[in-house]
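These notes are about the structure you will find just below.
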Amino acid sequence: MNELLPVLFTGIVCGLVTWGGVRAELKYLRRDVDEAHRKIEQLTATKACLQ
């Protein structure tokens, strides 16, 4: 029983840190994907204008 609270606390803290890291990574990944889509659309529009 003496070990239960520290183990639970450690598990909760690790879970929160992992959740925060994944959330931040997805935020930046989404930003990068949106930027890549904008660049592709600009290239497509430029290519269409040149034809």
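Key figures
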quantity: Net +/- balance of residues flanking His37 in space, Cβ distance below 12 Å, scoring K and R +1, D and E -1; calculated: 0
quantity: Carbon + sulfur, % of accessible area of the chain - ligands and nucleic acids excluded, 1.4 Å; calculated: 67
quantity: Estimated [θ] at 222 nm from DSSP helical runs (n ≥ 4, -39500 (n - 2.57)) normalised by residues in the chain, nearest 500; calculated: -34500 deg cm²/dmol
quantity: Helix axis angle, 4-50 relative to the chain longest principal axis, alpha carbon, degrees; calculated: 0
quantity: Label-point separation in nm, Ile40 to Leu5, each point 7 Å along Cα→Cβ; calculated: 5.4
quantity: Potential lengthening between Cys49 and Tyr28 on full extension [0.36 nm per residue; Cα-Cα distance subtracted]; calculated: 4.4 nm
quantity: Accessible area expressed per residue, the chain, with surrounding protein chains retained (probe 1.4 Å, Å²); calculated: 99
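The values are calculated or read from the model by the stated rules, or taken from the named source; none is laboratory data. Quantities reported herein were computed from a predicted structural model and do not represent experimental measurements. A quick note on method: Cβ atoms are made from the backbone with ideal geometry, for glycine too, and the neighbour counts reach across all protein chains shown. Heads up: the accessible areas ignore ligands, DNA and RNA and are worked out on the full protein's heavy atoms, side chains in. Shrake-Rupley method; radii C 1.70, N 1.55, O 1.52, S 1.80 Å.
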